[in-house]
Structure formats: structure tokens, C-alpha cells
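Peer 1: Below is the structure I would like to discuss, written out as C-alpha cells.
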Amino acid sequence: MPPLLELRNVKMYYNTSRGVVKAVDGVSFTLEKGEAMAIVGESGCGKSSLAFTIIKLLPKNVAEFSGEILFHDDGEVLEITKMSDDEIRRRVRWKKISMVFQASMNSLNPVLRVEDQLIEPLIHHQKLSREEAVKIAEEALYSVGLAKDLLARYPFELSGGMRQRVVLAMAIMMKPKLVILDEPTSALDVITQANIMNLLKDLKQKFNLSYILITHDIALASEIADKIGVMYAGKLAEIAMADVFFREPRHPYSQKLLAAIPTLREEKVIEHIPGDVPSLINPPPGCRFHPRCPYAIRGKCDVEEPVVKRVDGSNVACWLY
Amino acid sequence: MLEVTQLKTWFPVKKGFFGKTRYVKAVDDVSFTLSRREVLAVIGESGSGKTTLGRTVLRLIKPTGGRILFDKKDVTYMPESRLKWYRFATAMIFQDPFGSLNPYHTVQYILEEPLILRGVPPSERREKVVRALDDVRLTPPEDFLKKYPHMLSGGQRQRVGIARALITRPSLVVADEPVSMLDVSIRAEILSLMRSLQAKFDIAMVYITHDIATAKYLSDKILVMYAGKMVEYGTFRDVIREPLHPYTQALIEALPDPDPSNRFTKRKVPPGEPPSLINPPPGCRFHPRCPYAIRGKCDVEEPPLVEVKERKVACWLY
């Protein structure tokens, strides 16, 4: 069985007045059907850029977009990298891969009722009749635990948690195989966040969905991720199955990230990672983490880029292995 | 040092020109005490009234009822003209390090301003500014004096915010979500910095947050708020080890620790969201979401604050 999604050496650079930002710089991974992968890392590491790149929502000032993004769909291979924007819009986005954007609960159109927001793409893209579209919208709302009389309401009449559910309903409405979630709970309260994570677990099971969850909160990632990808300065430093990752993080950056999380139940001294995420315009030579790494080897880590090695089932880009 | 008794902050809301005035009871009957060197965590979701509580304690908002005693002096209704000493004795650390520093001012001026207000002579000011930067570990301080906020990272800005609050050596500081906008990787550092400075300068601190996990590294006591009411109050350790109020239990249950087995279970949290403060539910404000709500009791009568196991809880179960 081929994986659902395959990324091979994907790069996405964009121009700014200060230079070329290498937001995604040679990322490779595979995602199985029904699997959830979390991409974690500090802000400014290119996590969101990676998410946008996967569904080919590229910035206007894109400088380079290369590599291969393959989506395996029932024996058919969709090469996202080679498809035109129009083709992606017709065949991929929302139908195969959908995305919940960061803070999207606040980007619902305030003058449209929930019904009109939900059915608009169905009528325009799917050429469905209004009745059919409303039926699909009702089903989607039911799946996310909302009553159908919500269709007649405006976004401002809904609480934050309900709006986030509407956005999720939109994302699953056209029965995609993969949903990309970019910080889906960042603006929500803790209890509401837990409710949304519960819902995501339900939906994953019910529709055999795959997720790519973008978050800076590793504790939250552990709520749903089967696999963890640690991103640092545009590259994946480590890819590991969740069970292995939390027990034995290999990359020094992964170790530092885990040590920095405040925990409630566990007694531990939290550490911080010294220094800042480097600029993606002028990343440091060699391993990009070497200026902050306690184990950096002089003459090696600061010169040569580490190659990805397989260590007990995890992929690690570090010269220590 | 600080004694807050049955504090109320209500905001009037008028519906229509001749409409009846109703009140948003943002803070309703909150009491706590805080001694020097102590940190109180005020925990609650958005709209629980925690920020209003913090601002009322500093008298940035006028209270509607209750009493605030600071060093045995009643500051509850003290007019602004006689409140200058209180302003000098207190300070606030804000949530947003991007919005709370004036973009047109240098770090040096941002830190000097509170000193100028207090009439510190120019000759002493620079030295104090340098020492404040050193205290928050922005070193070497000389490198930061001439910088503008946009040249600093989020963590560095928040350090400037802390330095500004502490430069006048206040005895009471209210920190409103000081790390919630920062990356997880630097939260730890800011928290430990706040803890060490708080101990070093003998500061009493009110730490307002929705995140109990960060409060753990800072707090001696905890006050949990729900829809303007305090629901539980006690020492931090005790409350976390054995939360008594169903809402406190839910808050703790909702918070994951990193553990890959989390993905196989669902969190047992109540559905729904906090109520509107204009029209809160009758009886216990948590009853519509509470798994243990007693019909005919919790939805009718407001639970009093009772003392259980050396702490205070407002719940009919106790």
C-alpha cells in the first residue's frame, strides 16, 4: 500500500525586500492513510509555510517551489507539484485535502449566515443544487456536534468553540482524506480546546481521516499525533513515531523542546533553549541548530549540513548519530 | 499586605434610552489575602473576570463594592488625587509585549519614564536603567539602551516590560498573562526570571493566567474564577493535588501533559462554554455544565464559600 501523502525534498522560497526567505527547505516525509502527524517547532520555523505549500497555496512572491508532493488516492497518483492552480482547485482542495487555517474561526464572513458560508463552495464548485448543498451542510454540522438550526445564525451569535466547529464542518464537508490543521485551538479556552481535540479524535476514527497538525504546543500534539515531525529553520530535524519520540527524542533540538514544556502533573525543572530561531534568509551554515546546540562539534556541525540518518526507526538529521 | 474582601466590579449596561440598567458582574464577591513575597495565581477562562480583578486591585478600575486594604490602608474608594503613593507602590506587567511598549521610544526611555515620574534625578536614572536591564538578563545592557521595541524579539520585549514594572521596586505587581503570547520554548525562561526577581525584591505578585501549568512554576496560592465568581481558593499544591470544585477539576483534566498515550483516550471535560456575565445562570453559575449538579439545589441557590480542608470552595457538594 502506498502512503497517502509523500513529500520528497520539497522547497518553497519567497522573495522579500531583504532577500530570499527559505521557509521550506528540503522537507521529505510520508503520511499513511488514517495517520495523524504533528509538525512542531518554535514560531518562525516554517511550519505554517509547509502547510500552505502542501495544498499549493503559494505566496505571490514565491521564488522557488520544487520537489515532489504526491497524493495517492485509490490507485491514482496526484502530483500536486505539477498540477495547475485551476486543477488543484477543482480536484484537490477541500475534496482531497482541506485546511483549517490559524484563527479561521475569526475569519468567517460576519454578514453571511452559517448556511450561506457552508453551501457557497458546494454550489459554485460542485454545481450542486441548493437543496443538496443544504443537506450536505446539515450532515457536516451534525458530525461536528452542532444542531442544524445553527444554519440560520450569524457568526457573531456563536461562541468561539461553536465557530471553530463550523470551520471544522467546512473542512470535512466534501469528505477529504487529509485535513491540515494549523494551530486549530490557539484562540480557545482550555476546556473548549479539550472539547475540540475530543471532536478531532472522533472525526479521525469515523471518517478514517489523516491529519497534519501544525502546533508549537507539544503537549497538545501528543493528544492526537501518531507521528511527530520536528521542524527547525525550514527543515525537519527529526521524524519519529509518537511513542518513540516522547520516550527518547534523538535530536538535541527535540530534547530541548520537550524539556521546555511546563507540565502540570510531572515534577520537573523546565529548561529554556538559549538563543533565537535563526533568520530564514541567512540561516547558519552546517546544521542550522548548531549555534544553540550544547553538543555541537566544532569543525563539523558548523560546516557540513547533517544528513538524515535512521536511528531505531526515527529519522534524525544530526551529526551525533 | 494586601487584603481584598468581597470585591465587586460591576459595569452598567443600559438597553435603550429608557431601558433598565443592568450590570455585567465581572467580579462578584472575590476575597483573598496576599503577603509580601507571595504569588497568587488567578486562574480562569476568558470572560471569567480575572483581568478585571487584577485591574481593580490596582485601582485602574473603580470597584462597585467590597474593600481593598493595602498595608492596612483602605484604597477601595480613595480618590485619584490621593492615590499617587499607591500608583508608585504597584505595577503591572501586560500580556502583549508587542502592544505595551511605545514603538517610538527607545528601551532606555521606556525604562526611564517611570523614574522621571517619580522625580529621580537624571544622574541616577541611567545607572538604574542599566541595572534593571541586567536584572532581566538583557546583557550587555549598553547594547539594548538605544534599541527600539521592533528590534527586539518577543521574549526580549517582555523582559523590557518586566524591567519597566520592577525598576521602581514596587511592592505589589499584577502580571496579566505575561507569557501567553510567547513561544513555549521561552516561557520557561521568563517564568523563572519572574520568580527569581519576585523573591529577590520581596514582591507580592498576582499572576493572572488561563494556564495552570505555567502557574505551577511561580505560585504559592491559587484562586480559580468562573463567570465572575471565585469557586476555589487555597494553596497551589493542595488545589492541584486534589481539586475540590468540579470546575477546577475540569480545568486540570483539560490540560494535557506530553504523553503519546493521550491519543487513545478522550478528555472528560464538560461541554459548553462559560456563560454571559450579563445574564448568568441562576444558582451556581457552573451548574449547566457541571456533571454533579443537584437539581433543585445547584440551579436555584447560589453556593456559599465554605472552608474545606484548609481552603475555600463554593460548591453545594461540600
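Peer 1: Pick out, in residue order, every one of the chymotrypsin sites (Phe, Trp or Tyr not before Pro) in the range B:118-207 that is DSSP loop and has at most 16 other C-beta atoms within 10 Å; say none if there are none.
Peer 2: Within the range B:118-207, the qualifying chymotrypsin sites (Phe, Trp or Tyr not before Pro) (loop, at most 16 other Cβ atoms within 10 Å) are B:Phe201.
Peer 1: For A:Tyr295 and A:Lys135 in one chain, what is 0.36 nm times their gap in residues minus the Cα-Cα distance, to one decimal in nm?
Peer 2: 51.8 nm
Peer 1: Now for a separate question. Mean-square fluctuation check for chain A, GNM, Cα pairs under 10 Å: which of A:Ile172, A:Ile136, A:Ile228 is largest?
Peer 2: A:Ile136
Peer 1: While we're looking at this one, here's another question. What average count of beta carbons from other chains do you get within 10 Å of the Cβ of residues in B:247-255?
Peer 2: Going residue by residue through B:247-255 and averaging, the value is 4.
Peer 1: What distance in nm lies between label points placed 7 Å from Cα along the C-beta direction at B:Arg237 and B:Leu60?
Peer 2: 3.3
Peer 1: Across peptide A:171-177, what mean number of C-beta atoms from other chains lies inside 10 Å of a residue's C-beta?
Peer 2: The shielding value for this peptide is 0.
Peer 1: Taking the range B:1-73, which chymotrypsin sites (Phe, Trp or Tyr not before Pro) meet the DSSP loop condition and have no more than 13 other C-beta atoms within 10 Å?
Peer 2: Passing sites in the range B:1-73 are B:Phe17, B:Phe18.
Peer 1: Next question. What is the ratio of the Cα radius of gyration of the range B:62-123 to 2.2 N^0.38 Å, with N the residue count, to two decimals?
Peer 2: Dividing the Cα Rg of the range B:62-123 by 2.2 N^0.38 Å gives 1.44.
Peer 1: Pick out which of B:Arg67, B:Arg285, B:Arg131 has the largest mean-square fluctuation in a Gaussian network model of chain B, springs linking Cα atoms closer than 10 Å.
Peer 2: For chain B, modelled as a Gaussian network with Cα springs under 10 Å, the answer is B:Arg131.
Peer 1: Calculate for the protein assembly as shown the 222 nm mean residue ellipticity that helices alone would give, adding -39,500 (n - 2.57) per DSSP H run of length 4 or more and normalising by residue count, nearest 500 deg cm²/dmol.
Peer 2: Computed mean residue ellipticity for the protein assembly as shown: -8000 deg cm²/dmol.
Peer 1: For a quick check: sort B:Met230, A:Met1, A:Met99 by the number of other beta carbons within 10 angstrom, fewest at the front.
Peer 2: Starting with the residue having the fewest Cβ neighbours, the order is A:Met1, A:Met99, B:Met230.
Peer 1: Just order B:52-59, A:103-110 by mean Cβ neighbour count inside 10 Å, highest at the front, would you?
Peer 2: With the highest mean Cβ count within 10 Å placed first, the list reads B:52-59, A:103-110.
Peer 1: Any idea what diffusion coefficient the protein assembly as shown gets from Stokes-Einstein, in µm²/s, Kirkwood Rh on alpha carbon pairs, 37 °C, 0.692 mPa s?
Peer 2: It comes out at roughly 123 µm²/s.
Peer 1: Now, a different point. Evaluate E = 1/(1 + (r/R0)^6) for B:Tyr148 and A:Val111, where r is the Cβ-Cβ distance and R0 equals 51 Å; express this FRET efficiency to the nearest 0.05.
Peer 2: Using R0 = 51 Å, I get an efficiency of 0.85.
Peer 1: I would also like to ask the following. At what distance in angstrom do the alpha carbon centres of the range B:134-211 and the range A:117-166 lie from each other?
Peer 2: The range B:134-211 and the range A:117-166 have Cα centres spaced 44 Å from each other.
Peer 1: To the nearest 0.05, how large is the calculated FRET efficiency for B:Glu301 and B:Asp71 if R₀ is 25 Å and r is the Cβ-Cβ distance?
Peer 2: Efficiency, from the Cβ-Cβ distance: 0.10.
Peer 1: Give me the one-decimal nm value for the distance between modelled label points at A:Leu128 and A:Thr16, 7 Å along each residue's Cα-to-Cβ direction.
Peer 2: A separation of 4.0 nm, rounded to one decimal place.
Peer 1: Within a 10 angstrom radius of each residue's Cβ in A:220-227, how many Cβ atoms of other chains show up on average? Whole number is fine.
Peer 2: 4
Peer 1: Between A:Glu248 and A:Asp302, 0.36 nm times their residue separation minus their Cα-Cα distance comes to what?
Peer 2: 17.0 nm
Peer 1: Something else about it: Take the Cα of A:Ala103, step 7 Å along the line toward its Cβ, and report every residue of the range A:182-214 whose backbone nitrogen sits under 19 Å from that point.
Peer 2: Counting backbone N atoms under 19 Å from the label point, the list is A:182-190, A:193, A:214.
Peer 1: Tell me, what are the semi-axes, in whole angstrom and largest first, of the equivalent ellipsoid of the range B:234-318 as set by the roots of 5 times the Cα gyration tensor eigenvalues?
Peer 2: With the √(5λ) rule applied to the range B:234-318, the semi-axes are 25, 18, 11 Å.
Peer 1: Could you sort out which of B:Lys50/B:Lys72; B:Lys72/B:Lys297; A:Lys256/B:Lys229; A:Lys127/A:Lys227 sit more than 29 Å apart by Cα distance in this structure?
Peer 2: B:Lys72/B:Lys297; A:Lys256/B:Lys229; A:Lys127/A:Lys227
Peer 1: Right, another one. With a 10 Å cut-off between alpha carbons and a GNM built on chain B, which of B:Ser31, B:Ser219, B:Ser153 moves the most?
Peer 2: Highest fluctuation among the options: B:Ser153.
Peer 1: Apply the Debye scattering formula to chain A, with a single equal point scatterer on each alpha-carbon and no solvent, then give log10 I(q)/I(0) at q = 0.14, 0.16 Å⁻¹.
Peer 2: -1.14, -1.41
Peer 1: Which of A:Lys33/A:Lys204; A:Lys235/A:Lys309; A:Lys33/A:Lys95; B:Lys147/B:Lys200 have a Cα-Cα distance over 21 Å?
Peer 2: Result: B:Lys147/B:Lys200 exceed 21 Å.
Peer 1: Here is a follow-up. Would you kindly calculate the mean projected area, averaged across all directions, of the convex hull enclosing the Cα atoms of the range B:2-313, in square nanometres?
Peer 2: It is 19.4 nm².
Peer 1: Obtain the nm distance between the two label points defined at A:Glu120 and B:Arg82 by a simple spin-label model: each point lies 7 Å from its Cα along the Cα-to-C-beta direction.
Peer 2: Distance between label points: 5.9 nm.
Computed from the coordinates by the stated procedures, all read-outs in this text should not be read as laboratory data. Predicted model, so just to flag it, every value in this text is computed and none were measured. When we count neighbours, we look across all protein chains shown, and the Cβ atoms used for this are built from the backbone with ideal geometry, even at glycine.
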